[in-house]
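Undergrad: I'd like to ask some things about the structure below.
Bear in mind that the values in this text are calculations on the coordinates, not laboratory data. Values in this document were obtained by computation on a predicted structure and should not be read as measured data. Note that each Cβ is placed from the backbone with ideal geometry, even for glycine, and that neighbours are counted across all protein chains shown.
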Amino acid sequence: MENKEYRESLQAQIGILENLYHLAGRKRAALLKEDLEALPGIIQEEEEALANLKSLSMPDEKAPGEPAPEIRELLMKREFLARQIREINFFNHELIEDSLAYIRFSLQLFQGQPDSSLYGVGGIKEAPAVNSLIDMRG
């Protein structure tokens with residue numbers, strides 16, 4: 001792949017990663033506001049962006065020699081964006097896990113288990129399996 005094509009491919013990847021970064025930020029804001037109506041649209045946009053990223057022809061990064069300064073800068077920007085997205089998505093994952101722990105705790109209270117707690121021994125958050133609200137035994 002010649003240098004121009006390689007640069008254009010990197011720029012296209014960076015554009016998609018920037019979009020994914022903004023979408024991850026929107027998802028974080030929706031989770032913090034508990035805006036469950038916005039989440040499906042954001043997730044759909046993320047899936048489309050990821051499909052676009054996968055459809056790009058990935059450049060061969062094992063070209064011999066030192067990359068040109070412009071290419072090196074693009075590679076660093078791509079790596080930085082990927083890390084930023086990973087960090088926001090980790091935070092979003094933690095927000096979802098916290099919400100699920102709260103829901104499990106609430107369900108346990110509704111089932112008459114008032115001694116249940118969100119935290120186990122040593123202050124570590126636990127997420128035990130929840131008994132069903134409906135008795136499925138017949």
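Undergrad: LYS33: under 22 Å from MET76 (Cβ atoms) and loosely packed, with under 12 Cβ neighbours inside 10 Å, yes or no?
TA: Criteria not met by LYS33.
Undergrad: Keeping to the stretch 74-101, report how many residues are of a type in the set (Gly, Ala, Ser) and touching a helix residue (DSSP H, G or I) at 6+ places or on another chain (Cβ under 7 Å).
TA: 1
Undergrad: Taking only the stretch 36-62 into account, find how many residues are within 22 Å of GLU79 (Cβ to Cβ) and outside any helix (DSSP H, G or I).
TA: So the answer is 7.
Undergrad: OK, next. Which pairs have Cβ atoms under 7 Å, sit 6 or more apart or on different chains, and link a residue in the stretch 1-26 that is surrounded by 16 or more Cβ atoms within 10 Å (Cβ to Cβ) to one that is among the hydroxyl-bearing types (Ser, Thr, Tyr)?
TA: Final answer for the pair search is SER9/SER57.
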